[in-house]
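One structure below.
Laboratory data are not the source of any read-out in this text; all were calculated from the coordinates shown. It should be emphasised that the depicted structure is a prediction, and the values quoted were computed from it without experimental measurement. Please note: Cβ atoms are built from the backbone with ideal geometry, for glycine as well, and neighbour counts cover all protein chains shown.
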Amino acid sequence: MRHSLALQIGPVAFRIGSAWRSPLDALARLYAGYPAPADGLCDFTVRLEPERPWRRFVRPSVAIRGDYVLPDAAPLALAHGLLAAEMGMNLQMALGQRRWLLLHAATVERDGRAIVMTGESGAGKSTLAALLGERGWRLMGDEFALLDMDAGTLLPFPRAISLKNGAIGVLEAEAGPGRFGPRLAGTPKGDIRHLRPNREAIARMGEGAKPALILFPRFGEAAAVRGVGQAEVFMRLTQASTNYVALGCRGFDALTGLVRSVPALAIDYPDTETAVGLIADFRRELAA
Amino acid sequence: MTGARLLVRALRDPGSIGDCDWMGLVSAARAEQLIGSLAFRMEGRKAPPRVAAIFEAARRDAAHARTQALWEAEMCRRALAPLGVPVILMKGTAFHAAGLDASVGRSVGDLDILVPRASLPAVEAALLGAGWERLKQEGGYDDVYYRRWMHELPPLIHKDRDRMIDVHHTILPLTARPTPDAAALIADSVALDNGLRVLAPADMIVHAAAHLFADGDLAGGLRNLWDIDRLLREFDSADFRRTLEERARLHRLAGPVARALRLSHRLYGTPVENRDSPSFSLADRLFEARLLARNGWGQERRKPLRLAFYLRGHWLRMPPLMLARHLWIKATR
């Protein structure tokens, strides 16, 4: 490919090839400070290619390809090339990752205890994780939690955080402007701006943590906390996992092990400050 | 060396792979759906830790693919058992069900079965009654086209398991020039313990060769050719070679089978008889170039060559006037 870039994120390395220079320049700026893969090798290949040869020049459109592809994925405008690269990396993980049990969840850690937050799109897990990452917690990831099926620990996967619409302003008030990517207006998911995790999150991205709490946050309701039974937690996590079925018996053992050993709560919250307050309470209770 | 050529070398002689373009090897193997086969070939050999972990995950994944393929075959068996018709598994599922070397690391997409043509309506009705659904609109162009001209029913998909089944009644489209002997395929098939059947070994190779060289555009052909290599090595004997020649002639597929042997020998080093020592023609070279048209990023290369093979695939598939009409309808809908 004409242009390429290798990125190490937590235990996973990607090589991203592109027919254009601009998406990789944007990616390199966003991931400034991340190490290159120490062995020079990668787990997954992402390719950003023109949909048809002439679309490299004429109304350029970026098709997301790579080792694993969705046949009907729609191409993006070249101006959204950074988003295409991010989606390409997500796709490799969701379709091709088999080394760890993958949960579609955000994870933060403090005092060696990790909180896993999962829920449907719009539940606010990315925003919450990003905010906690600026308030004394270590951000382990906003998109995927990687569960080591033998050790039962969680591995960090601190990709750039994908902030959408209203969440962008919330974090712009917290983090320095140098850590943000460009504002991508009018993407299929609305406005998007990426935020690079802080220095600590990157420096400690090789360091796992024990899961201590599973949270099912829901944004937009009056503040409430309720316990969730193990059967329900299990079912919800199978739905949140991209590779649970493919991992077979090992995936089942790992997930039931997690559900049996870690408490779970569902929280409703009207605004992120309330949720941050609730999570501070949980932290005190976990330490007690 | 990188891409498809490196992949072929690693499959053929995994011991020769030392310091190489590992990423190119992995990406080409994933793109050609040969990562599982490669992972087993590389088992126990030296590779950088990251690559060794990729291979280990691929081996585990292959075990899952096998379970899933065999379960799908069992679901099909249960749906069709009341009909009392022979149900013959084909391709990947057959290799797994019969425990052949070709199944080691073999990925399986759709379930392919062969049944007598007269049983098609009953088989289709039984599958529809057991949770499979139509993928093509009933009575639409594709649906009618399949039923009239193809060697299989329009594909069905299971509503819960999301897996496709292709129900064949022979191994080449009815519009293709060679006419394989479907009755002989069924008559000489071999029963498995569970009552399902697989093609006789020689017919497996004839089918794989027909699929690769007498139909379609050779996309993903390296995997088909790897199947052929594994089958030939497992069944190899003087008797078997004679049987294969006879079966190829019986099914009017001597040409494609001979080509399969030449290319399999050329790329994978499959032992073939020296008697009519394989002379490698210009056409063979084009086939080889087409099979190897993949680079170390997993991209397909040689666009004009691929297009030529795409057109050839259609040309083999149907007479010129019909082809013109078919391509016109596909292009304008």
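Classify region B:203-331: rounded, prolate or oblate, from the alpha-carbon gyration tensor (a ≥ b ≥ c, eigenvalue square roots; a/c under 1.5 rounded; otherwise prolate if a/b is larger than b/c)? Walk me through the numbers before you get to the answer.
Numbers: a/c = 2.27, a/b = 1.44, b/c = 1.57.
Judged from the Cα gyration tensor, region B:203-331 comes out oblate (a/c at least 1.5, b/c at or above a/b).
Roughly speaking, what is the stretch gain from residue A:135 to residue A:151, that is 0.36 nm per residue apart minus the C-alpha to C-alpha distance, in nm to one decimal? Could you put the intermediate results ahead of the total?
On the way: separation 16, 0.36 × 16 = 5.76 nm, distance 2.85 nm.
Gain on stretching residue A:135 to residue A:151: 2.9 nm.
Find the relative contact order for chain A and round it to a whole percent, using C-alpha pairs within less than 8 Å whose residues are 6+ positions apart. List each step's numbers first, then the result.
Details: 575 pairs, mean separation 48.5, N = 288.
Relative contact order, chain A: 17 percent.
Let me know the charge dipole size of chain A about its Cα centre in debye, to the nearest 20, where only the beta-carbon of Lys, Arg (+1) and Asp, Glu (-1) is charged. The calculation lands at about 760 debye. Only DSSP H runs of four or more residues enter the estimate; each adds -39500 (n - 2.57), and after division by the residues of chain A the mean residue ellipticity at 222 nm equals -9000 deg cm²/dmol. Annotation: amide H of residue B:112 within the under-5 Å range of B:90, B:93, B:166, sequence separation 5 or more or interchain, hydrogens built in the peptide plane. At an R0 of 30 angstrom, the distance between the Cβ atoms of residue B:333 and residue B:181 translates into a FRET efficiency of 0.25. Pairs of Lys residues in the protein assembly as shown are counted when their Cα atoms are under 25 angstrom apart and they lie 8 or more places apart or on different chains; the count is 9.
Considering the dipole of region A:3-96 built from charges on the beta carbon (Lys and Arg +1, Asp and Glu -1) around the Cα centre, which of A:78, A:93, A:24 is farthest to its positive end? Going by the charge dipole, the pick is A:78. Working from label points 7 Å from Cα in the Cα-to-Cβ sense, the residue B:283 to residue B:315 distance is 1.1 nm.
Springs join every pair of Cα atoms under 10 Å in this Gaussian network model of chain B, and among B:170, B:93, B:243 the largest mean-square fluctuation is at B:243. Think of the protein assembly as shown as having a plus end and a minus end, set by charges on the Cβ of Lys, Arg, Asp and Glu; of B:129, A:286, B:260, B:260 sits farthest toward the positive end of this dipole. For the listed peptides A:113-125, A:133-145, a ranking on the average number of other beta carbons within 10 Å per residue, highest first, reads A:133-145, A:113-125. When both region B:1-69 and region B:275-319 are represented by their alpha-carbon centers, they are found 23 Å apart. Dipole size of region B:3-332 about its Cα centre, with +1 on Lys/Arg Cβ and -1 on Asp/Glu Cβ: approximately 940 debye, rounded to the nearest 20. Across region B:166-197, the residues whose backbone nitrogen lies under 17 Å from the label position 7 Å along the beta-carbon direction of residue B:249 are B:179-181. The P(r) of chain A has a tail past 31 Å containing 26 percent of all C-alpha pairs. Under 5 Å between amide hydrogens, built in the peptide plane, is the criterion, and for residue A:191 it picks out A:165, A:186 among residues at least 5 positions away or on other chains. For the peptide B:62-69, the mean number of other protein chain Cβ atoms found within 10 angstrom of a residue's Cβ is 2.
Between residue B:52 and residue A:235, the distance separating the two model label sites (each 7 Å from Cα on the Cα→Cβ line) works out to 4.3 nm. With the cut-off at 1.5 for a/c, could you classify region B:3-332 from its C-alpha gyration tensor as rounded, prolate or oblate? Cα axes put region B:3-332 in the rounded bin.
So, R0 is 45 Å and r is the distance between the beta-carbons of residue B:135 and residue A:183; what FRET efficiency does that work out to, to 0.05?
It comes out at approximately 0.60.
Computed about its Cα centre, the charge dipole of the protein assembly as shown is approximately 1700 debye, with only Lys, Arg, Asp and Glu carrying charge at their Cβ.
In region B:145-275, taking the dipole from charged Cβ atoms about the Cα centre, the farthest positive-side position among B:151, B:165, B:198 is held by B:151.
Entry note, region A:163-288: relative contact order of 27 percent, from Cα contacts under 8 Å with a spacing of 6+ residues. Just check the protein assembly as shown against the gyration tensor rule for me: Cα atoms, a ≥ b ≥ c as the square roots of the eigenvalues, rounded for a/c under 1.5, and otherwise prolate or oblate depending on whether a/b exceeds b/c. Verdict is prolate for the protein assembly as shown.
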